[in-house]
Amino acid sequence: MDDHYNQMKSFKAAFVEIYQGPGVSRSESGILWLKKPGRMRWEYHAPKEKLFLIDSENAYFYVTGERQARKTALKNLDDLRSPLRYLLGKTKLEKELDGLSLAPDLSPIMAGDIVLRGVPRSMKDRISQVLLEISSTRQIHRIVLHGLDGMTTDFRFSQMEENVPVQDTLFRFTPPPGVEIFHDNQVTQ
């Protein structure tokens, strides 16, 4: 799987993000774009339009119709989506996830997939384990993050396209007229 993603230049997929925690449950969906080096764009379409964008240096978060967009330097980013940008890079899952192993006790949502589990080294203070559902063609169909606080974030990917032409402008944030960029010390989800 490492080789598969390390050789990829760009990626596009539909996604569903399901968040469940103590007293809260929500589901959102949209389109995810990734492009080397380390750029990503989450376009949320339902239930509310919003954008989460990383341009290699900064992260931006904007909800359509609001008067402010938030911007933070990547070094200050504490967001569950941000590690996904490393899928297109020189990564080795064994270096990113402690205790990486098969999870035969868990059933995949797609027949024929396998499930791996591990603990992300960079998020040990927030995440107790991550589950990766991987197809026989080495594509990640699902990523489930289990938080130490009892929350679960489940990313499901479909309609995946690899090495699609993607303009660099897709990873530049241009605020709509009248929208101010608020420089935040930390953007979290």
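The values are calculated or read from the model by the stated rules, or taken from the named source; none is laboratory data. Just so you know, these numbers come straight off a predicted model, no measurement behind them. When we count neighbours, we look across all protein chains shown, and the Cβ atoms used for this are built from the backbone with ideal geometry, even at glycine. Heavy atoms of the whole protein, side chains included, go into the accessibility calculation; ligands, DNA and RNA do not. Shrake-Rupley method; radii C 1.70, N 1.55, O 1.52, S 1.80 Å.
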- With segment 137-189 as the region, which strands (runs of 3 or more DSSP E) entirely inside it contain at least 3 residues that are among the hydrophobic types (A, V, I, L, M, F, W, C) and either out of contact with any helix residue (DSSP H, G or I) (no Cβ under 9 Å at 6 or more places or on another chain) or closer than 22 Å to PRO37 by Cα (or both)? 140-147, 152-162
- Task: Those residues that are open to solvent by 80 Å² or more (accessible area, probe 1.4 Å) and either within 29 Å of PRO120 (Cα to Cα) or of a type in the set (Phe, Trp, Tyr) (or both), I need them from segment 162-186; list them, please.
- Result: ASN163, ARG172, PHE182, HIS183, ASN185, GLN186
- Go over the candidates LYS124, LYS71, LYS75 one by one and state the one that is at pLDDT below 80 and either surrounded by fewer than 14 Cβ atoms within 10 Å (Cβ to Cβ) or more than 16 Å from the chain's Cα centre (by Cα) (or both). LYS75
- Query: What single numbered condition from (1) within 24 Å of LYS12 (Cβ to Cβ); (2) without any contact (Cβ under 8 Å) to a residue 60 or more places away in the chain; (3) of a type outside the set (D, E, K, R) fails to hold for ILE140?
  - Reply: (2)
